[in-house]
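Report on one structure; see the data block that follows.
The values are calculated or read from the model by the stated rules, or taken from the named source; none is laboratory data. Just so it is clear, the model here is predicted, and its values are computed rather than measured. Here the Cβ positions follow ideal geometry from the backbone for every residue, glycine too, while neighbour counts run over all protein chains shown. Each accessible area value is taken on the protein alone, full model and side chains, heavy atoms only, with ligands, DNA and RNA left out. Shrake-Rupley method; radii C 1.70, N 1.55, O 1.52, S 1.80 Å.
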Amino acid sequence: MSGLNAIFSTALSGLNAAGVVLDTTASNVANLDSRGYKAARANLAEAPRGGVEVSSVTRDPSPGVLDDQGEELSNVDLASEMVHLREGAVLYRANAVVVRVADQMTGTLLDMFDTDRGRRQ
């Protein structure tokens, strides 16, 4: 794959990966007080044809804190989740910028090949 298709494809893969990171983080935060919940993590890897993909979503096996009755609470660390939230947001914004620039490049390229443009002006 080459050219503008490759740019759009790479950016789309980044947007999809960012969505999974943000969804996973949101799920972790939502389950902060759920008994026995294990934090999930979206693991990203380079895609074979370029871009990024979610290679897996894994669970943190570490134990959560115990409540007064000795029952295990979630092992979600809110500070870590805020870092993952920020990472996902940056990944999403960066790829959205790539899509916007590629769109502008496409428009410029089409304008260059518009043979009627000079006659309309």
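If the label point is 7 Å along Cα→Cβ of residue 4, which residues in segment 86-111 have backbone nitrogen under 16 Å from it? Hits in segment 86-111 for residue 4 at 16 Å: 98-111.
Note on residue 77: accessible area approximately 80 square angstrom, rounded to 10, probe 1.4 Å, nucleic acids and ligands left out.
For the chain, carbon and sulfur atoms together expose 56% of the accessible surface, with a 1.4 angstrom probe and every protein chain in place. When the chain is described by a simple charge dipole with +1 on each Lys and Arg Cβ and -1 on each Asp and Glu Cβ, the residue from 84, 19, 98 located farthest towards its positive end is 98.
Taking Cα centre as origin and charging only the Cβ of basic (Lys, Arg, +1) and acidic (Asp, Glu, -1) residues, the dipole magnitude of segment 9-80 rounds to 380 debye. Karplus-derived 3J(HN,Hα) values for segment 14-22, using 6.51 cos²θ - 1.76 cosθ + 1.60 with θ = phi - 60°, are x, 5, 5, 5, 4, x, 5, 4, 5 Hz; glycine and proline are entered as x. When the chain is treated as a GNM with alpha-carbon contacts under 10 Å, the residue of 51, 107, 36 showing the greatest mean-square fluctuation is 107. Calculated mean residue ellipticity, 222 nm, the chain: -19500 deg cm²/dmol, from DSSP H runs (n ≥ 4) at -39500 (n - 2.57) each, averaged per residue and rounded to 500.
Extension gain for residue 46 to residue 65 (0.36 nm times residue separation, less C-alpha to C-alpha distance): 3.3 nm.
When the Cα centres of segment 3-65 and segment 88-117 are compared, how far apart do they sit, in Å? If you average the Cα positions of each part, the centres end up 26 Å apart.
When you filter the GluC sites (Glu not before Pro) in segment 13-121 for DSSP loop state and at most 13 other Cβ atoms inside 10 Å of their Cβ, you are left with 71.
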